[in-house]
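*Asks:* Please see the structure below; I have some questions.
Bear in mind that the values in this text are calculations on the coordinates, not laboratory data. These numbers were taken from a predicted model, which means no experiment stands behind them. Please note: Cβ atoms are built from the backbone with ideal geometry, for glycine as well, and neighbour counts cover all protein chains shown.
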Amino acid sequence: MESIDLASTTTRDLNARLQSEADGSNAAFEVLHPGGRHALACGLTAPIAVTLRGHVGYYCAGMNQNATVTVHGNAGVGVAENMMSGLVRVMGDASQSAGASGHGGLLVIEGSASARCGISMKGIDIVVKGSVGHNSAFMAQAGHLVICGDAEDGLGDSIYEAVIYVSGETGKLGADCEEQPMTADDRQTLTELLARSGIEADPATFRRYGSARSLYNFKIDNLGSY
Amino acid sequence: MTKPAPHLRESHIFDRAAIHEIQRAAREGIYKIRGFGAKRAVPHFDDLVFLGASVSRYPLEGYRERCGTDVVLGARNASKPIHLDIPITIAGMSFGSLSANAKEALGRGANEVGTSTTTGDGGMTDEERGHSNKLVYQLLPSRYGMNPDHLRKADAIEVVIGQGAKPGGGGMLLGQKISPRVAEMRTLPEDIDQRSACRHPDWTGPDDLEIKIEELRELTGWEKPIYVKVGASRTYYDTLLAVKSGADVIVVDGMQGGTGATQECFIEHVGIPTLPAVRLASDALKELGVHRRGVQLIVSGGIRTGADVAKAIALGADAVSIGTAALIALGDNRPELAEEYEKLGTAPGFYDEWQAGRDPAGITTQDPELEQRLDPVAGGHRLANYLRVLTLEAQTIARACGKSHVHNLEPEDLQALTLEAAAMARVPLAGTGWIPGQGGF
């Protein structure tokens, strides 16, 4: 495993090194002293493994493709934003907009996530062991958001075709988000997501939330919902 | 329109248009959504004139002495800045709002004259990249179709905060224009009214924007110029903040800027005109010491002629951007389609239902049959012709003012025909030395 110490390396040099790995590379990297720096390990394209030993700032693992990025600490705003594929795991808590607009891959947050977790998600799967803040899955289009703890107010506001599973309590649901029957397919999907994420939770305790699809087309009768 | 009898007096406030809109709203129960830009009269470049040469200024020979038009965008931080041959670019317009043939035609036209075109909501299509030698990729709040591979393929990145037709408003693409391909690109079901978010999902405010720009540079190896586009509103402060956030290029879109689909109340009543916006933005750049040397200013919103181009540049822009005019050059609103416009309840020169997807010119549509009406090769050539005319007109004016490059035009070359324009552009009212608001009165 190659070790890169950010106490003596610039963000640009780190990212350039990681981004230079070829498509077939399975190299492993350990990054020391991240010190809350922003945009670490972003724009990766190869299936490499990157382990960051400490807290990271904004947009860690942004737009990730294929790589496995593990943060042994807390993550700032927009961790794994617009991720396309791969795996990003935060061992601590995540700030706002975790997994924002992600198109694919799996984001695992071992702690809790702040507001707008999964905002505009477009196919990413997100598993949060703890709780999520307000307006999580806002305008979520596709993918799954699994919340093992509680969800604050505004969950799933203006949600499209993404699906949310919640084990704990929910605050007031967002516009056009409703609780829906948990089917056998849902149980299977949830069980697989929990297994892939390595999070232990009982699928039987979860409820499903999705779009009521009442706001998909503009209707004046829905004025109070906008 | 029926001409009223002489004794009938129309209300200035409740005129026929206002009455018609009240009746329509009462009948349909929904606000009016349309395309195009602001239609009401606002102070514009028409209210300015160039002084031209005189005893104290001598002109350049029109067809003999060189007048440069090239622009370099993004050299402040990008290792690969964009070089344009003319100071006129094509504004961001989405595939979805426009047909694939229209996007191709825009790329072909821009290529012919050495300028850039811009993606829009929904991401980058292969055809668009393939037909645009210089392509600016927009990072929009919706992040529809946002793909890091496309970021890396782009020649520049434009972070869109707002547009002139609707500063503070998100986008919309009505269900009738959501083809299977558009739906797939945006990861949304077909036939729904697609709302594009008005705020970015992962940053808020200038401090965050600075970090976002850093991420974009890290993602693309610090190669690409980063533009920040704002709708004209608090333009002076927006420009200051965008530059301090690290933008290489500021794009300011005035309220006359076009849109594919927006509420009419937004189009006509939110934002400020292009005329004051260009001056406010250039003031901010001058205050920071980066005007004409570091950060470039692109101005859009109501650019129609080479005179508009020259006036925008004289007031501080490095380049202008066109959207509505480009679509008209492709064939929008042309008289040959009068019968078809009539079937839609409109007429050439008035057609603005770009949201509806029934465009007889095949431009603002996703209908496969209508789309075929636009020949992208011929359309692209018409656009190139138009861009050449704009450039030649701007050069003609610059030479008349004695300038060997259009960027040498300056506010001192202008005077205003109205008090409003004099105050907004901060140039003297014609025939006086008076600039309203300056000198204590």
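*Asks:* Looking at region A:2-225 only, what percent of DSSP beta bridges run antiparallel? Nearest 5 please.
*Replies:* DSSP beta bridges in region A:2-225 are roughly 15 percent antiparallel.
*Asks:* Give, in nm to one decimal, the length gained when the segment between B:GLN176 and B:LYS244 is fully stretched (0.36 nm per residue of separation minus the Cα-Cα distance). Walk me through the numbers before you get to the answer.
*Replies:* Details: separation 68, 0.36 × 68 = 24.48 nm, distance 4.13 nm.
Result: 20.4 nm gained on full extension.
*Asks:* Another question, if that's okay. Return the equivalent ellipsoid semi-axes of the protein assembly as shown as a descending list in whole Å, where each equals the square root of 5 times an eigenvalue of the C-alpha gyration tensor.
*Replies:* 45, 31, 22
*Asks:* Among bridges DSSP assigns within the protein assembly as shown, what percent are antiparallel (round to 5)? Don't skip to the end; give the middle numbers.
*Replies:* Values: 19 of 91 bridges.
Around 20 percent of the beta bridges assigned by DSSP in the protein assembly as shown are antiparallel ones.
*Asks:* Rounded to a whole number of µm²/s, how large is the Stokes-Einstein D of region A:2-225 at 10 °C and 1.306 mPa s, given Rh as the Kirkwood radius over C-alpha pairs?
*Replies:* It diffuses with D of about 91 µm²/s by this estimate.
*Asks:* Hey, another quick one. Using the alpha carbon gyration tensor of chain B, what are the three equivalent-ellipsoid semi-axes (square root of 5 times each eigenvalue), largest first, in whole Å?
*Replies:* 32, 29, 22
*Asks:* Can you grab the distance from the C-alpha centre of region A:148-220 to the C-alpha centre of region A:90-136, Å, no decimals?
*Replies:* Here the two parts' Cα centres lie 13 Å apart.
*Asks:* Among A:HIS134, A:HIS103, B:HIS381, B:HIS12, rank each residue by its count of other Cβ atoms within 10 Å, from fewest to most, as a rough exposure measure.
*Replies:* B:HIS12, B:HIS381, A:HIS134, A:HIS103
*Asks:* Using just the helices of chain A, give the 222 nm mean residue ellipticity in deg cm²/dmol: DSSP H runs with n ≥ 4 each add -39,500 (n - 2.57), and the total is spread over all residues, rounded to 500.
*Replies:* Working: 2 runs with 23 residues, N = 226.
The per-residue figure over chain A is -3000 deg cm²/dmol.
*Asks:* As a test, work out the antiparallel percent of DSSP beta bridges whose residues both lie in chain B, rounded to the nearest 5. Intermediate values should be presented prior to the final figure.
*Replies:* Numbers: 12 of 43 bridges.
Roughly 30 percent of the beta bridges in chain B run antiparallel, per DSSP.
*Asks:* Alpha carbon centre of region B:1-71 versus region B:88-147: separation in Å?
*Replies:* Value for the Cα centre distance between the two parts: 27 Å.
*Asks:* What FRET efficiency do you get for B:ARG334 and A:ALA22 if R0 is 45 Å and r is their Cβ-Cβ distance, rounded to the nearest 0.05?
*Replies:* 0.30
*Asks:* Given only helices, namely DSSP H runs of n ≥ 4 each adding -39500 (n - 2.57), what is the per-residue ellipticity at 222 nm of chain B, to the nearest 500 deg cm²/dmol?
*Replies:* So the helix-based figure for chain B works out to -10000 deg cm²/dmol.
*Asks:* If you average the alpha carbon positions of region B:295-330 and of region B:230-279, how far apart do those two centres end up, in angstrom?
*Replies:* Answer, in whole Å: 13.
*Asks:* Hand me the GluC sites (Glu not before Pro) from region A:96-173 located in a DSSP loop with no more than 13 other Cβ atoms within 10 Å, in residue order please.
*Replies:* Passing both the DSSP loop test and the Cβ count: A:GLU169.
*Asks:* Treat each spin label as a single point 7 Å out from the Cα along the C-beta direction, and report the B:LEU288 to B:ALA53 distance in nm.
*Replies:* 3.8
*Asks:* Given a Förster distance of 35 angstrom, what is the FRET efficiency for B:ARG27 paired with A:SER214, based on the Cβ-Cβ distance and rounded to 0.05?
*Replies:* Once the sixth-power term is evaluated, E becomes 0.90.
*Asks:* Same structure again: Could you calculate the contour length gain from B:ALA17 to B:HIS381, that is, 0.36 nm times the residue separation minus the distance between their Cα atoms, to one decimal place in nm?
*Replies:* So the chain would gain 127.3 nm between B:ALA17 and B:HIS381.
*Asks:* Where Rh denotes the Kirkwood radius from the mean inverse Cα pair distance, what is Rg over Rh for region A:158-206?
*Replies:* Across region A:158-206, the Cα-based Rg/Rh ratio is 0.97.
*Asks:* Still on this structure, please answer the following. What translational diffusion coefficient, to the nearest whole µm²/s, does region A:93-226 have by Stokes-Einstein, given a Kirkwood radius computed over alpha-carbon pairs, a temperature of 10 °C and 1.306 mPa s viscosity?
*Replies:* Estimated diffusion coefficient is 112 µm²/s.
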